[in-house]
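Notes for the one structure printed next.
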Amino acid sequence: MNLEHIFFDLDHTLWDFERNSALTFGKLLPEAGVDINFDNFLSTYVPINSKYWKLYREDKVSKAKLRYARLKETFDALKCEVSDEVIHHLSEEYIRQLPNFNHLFEGTFELLNYLKDKYQLHIITNGFEELQTLKMSKSGILDYFQKIITSESVGVKKPNPRVFQFALNKAQALPENSMMIGDNLEADIQGALDVGMKAIHFNAEDIKDIPQNVISVAKLLEIKQYI
């Protein structure tokens, strides 16, 4: 395999988004005086958040709409009355405080240390631009990466091929010499395959319906056997 460049997704791939998100809400909800069963909140919020991120990727909702509506819909589903003022406060504080929690998936440092002298490493993320570098810096992984490409800087989101083409150009990489590693089968894996890159799916959530042509791993360190 003539591999020179490896592009990683960040959230749900290296940076443990669900764990860090839960810790952030665990701090914010009591501080805001929201009296709610926390387990019920999380089990309701997580799929709603995923739904809004898909809409965001498809340019069907704005960043502001995503931030507000995912909370509003969660509280409504749980029949928990929370004022718009508090929802807006929570949405802003969540973004501000989320980077303060920096759990990474098991094997992140070991994998990056294994790869860093063999390949050029980069990030391609749909996450909010103002957060991603901060997350990477505070979790100690920023210095492993040469280029960080956010969808906001490109103007479109993964899986749009323009994101991958922009990233390849910025890294001065050819698609046939490049690989994408990410958790989302549509945004990361199919998006990369469509522009001629190789791809490995990180299946932390134990998704069962994986296409036969896709390499999928449950642990980050399993990636070492494929590259």
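Just the residues that are crowded, with 16+ Cβ neighbours inside 10 Å, assigned to a helix (DSSP H, G or I), touching a Phe, Trp or Tyr at 6+ places or on another chain (Cβ under 9 Å) and not polar (S, T, N, Q), please, taken from region 59-82. Scanning region 59-82 gives 66, 67, 69, 70, 71, 73, 75.
The single condition among (1) open to solvent by less than 40 Å² (accessible area, probe 1.4 Å); (2) farther than 20 Å from residue 38 by Cα that residue 147 does not satisfy is (1). For region 88-107, the candidate set comprises residues that are among the acidic types (Asp, Glu) and touching a residue at least 40 places away in the same chain (Cβ under 8 Å); within that set, the residue that is farthest from residue 30 (Cα to Cα) is 106.
Filtering region 176-203 to residues that are open to solvent by less than 40 Å² (accessible area, probe 1.4 Å), touching a helix residue (DSSP H, G or I) at 6+ places or on another chain (Cβ under 6 Å) and over 19 Å from residue 14 (Cα atoms) leaves 195, 197.
On the given criteria, is residue 206 in contact (Cβ under 8 Å) with a residue 12 or more places away in the chain and open to solvent by 60 Å² or more (accessible area, probe 1.4 Å)?
Spelling it out, residue 206 is indeed in contact (Cβ under 8 Å) with a residue 12 or more places away in the chain and open to solvent by 60 Å² or more (accessible area, probe 1.4 Å).
Among the residues of region 74-86, are any of a type outside the set (A, V, I, L, M, F, W, C) and under 30 Å from residue 140 (Cβ atoms)? Full working, then the answer.
Looking only at region 74-86, we keep the residues that are of a type outside the set (A, V, I, L, M, F, W, C), and these are 74, 76, 79, 81, 83-85.
With under 30 Å from residue 140 (Cβ atoms) added as a condition, the list becomes none.
Among the residues of region 74-86, not one is of a type outside the set (A, V, I, L, M, F, W, C) and under 30 Å from residue 140 (Cβ atoms), which makes the answer no.
Here the condition is being free of Cβ contacts under 8 Å to residues at least 12 places away in the same chain, loosely packed, with under 13 Cβ neighbours inside 10 Å and not hydrophobic (A, V, I, L, M, F, W, C); of 110, 85, it holds for 85 alone.
The values are calculated or read from the model by the stated rules, or taken from the named source; none is laboratory data. This is a predicted model, so every value here is computed, not measured. FYI the Cβ positions are ideal-geometry reconstructions off the backbone, even for glycines, and counts take in every protein chain you see. The protein model used for the area step is the full one, side chains on, heavy atoms only, and it has no ligands, DNA or RNA in it. Shrake-Rupley method; radii C 1.70, N 1.55, O 1.52, S 1.80 Å.
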